[in-house]
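Participant: Here you go, one structure.
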Amino acid sequence: MTEFALLDQAARGMSAQRTMLDLAARKVAAAQAAVPGRPYDRLVASLQPPSGEEAGDGDPGDGDVPLDASPAIRHEPGSGDPLIELIAVLDAQRAYEADASIFDTGKRLAERTLDIDR
């Protein structure tokens, strides 16, 4: 994988995690506004491999999802528990930060490659 491919993969991962973070924030608001006995419409996102591509690194059955996966969104009734939704926000935030760290590493590799060419 080249430095620029690494940057592309990390940027796609950050985009997918940003979408998941936005959904999680909306679910927190919906859970706080929920009325007991009336579930809210909870949006659940899961990462799916891009169409036409296999998940993972080619190792069958490993279950890995590539970094450039896009979230698939489905609806399900909510429980009204804001704590569960806040945990989802934290998970999405950590995943976004991991992708940002990968992007930063790829950027530094590209800069060093350009410095060597000089």
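Participant: Looking at Leu109, Leu43, Leu83, Leu114, which is the one that is within 19 Å of the chain's Cα centre (by Cα), more than 17 Å from Arg12 (Cβ to Cβ) and at pLDDT 75 or above? Spell out how you get there, then give the answer.
Facilitator: Working: Leu109 fails: within 19 Å of the chain's Cα centre (by Cα); Leu83 fails: within 19 Å of the chain's Cα centre (by Cα); Leu114 fails: within 19 Å of the chain's Cα centre (by Cα).
After applying the criteria, what remains is Leu43.
Participant: Just give me the residues in the stretch 46-67 being modelled with pLDDT of 70 or more and either β-branched (Val, Ile, Thr) or part of a loop (DSSP other than H, G, I, E, B) (or both), in sequence order.
Facilitator: Once the filter is applied, which keeps residues that are modelled with pLDDT of 70 or more and either β-branched (Val, Ile, Thr) or part of a loop (DSSP other than H, G, I, E, B) (or both), the stretch 46-67 yields nothing.
Participant: Return only the number of the condition from (1) in a strand (DSSP E or B); (2) at pLDDT 75 or above that Pro71 does not satisfy.
Facilitator: Every condition holds for Pro71 apart from (2).
The values are calculated or read from the model by the stated rules, or taken from the named source; none is laboratory data. If you're wondering where the values come from, they're calculated on a predicted model, not measured in any experiment. Cβ atoms come from the backbone with ideal geometry, glycine included; neighbour counts cover every protein chain shown.
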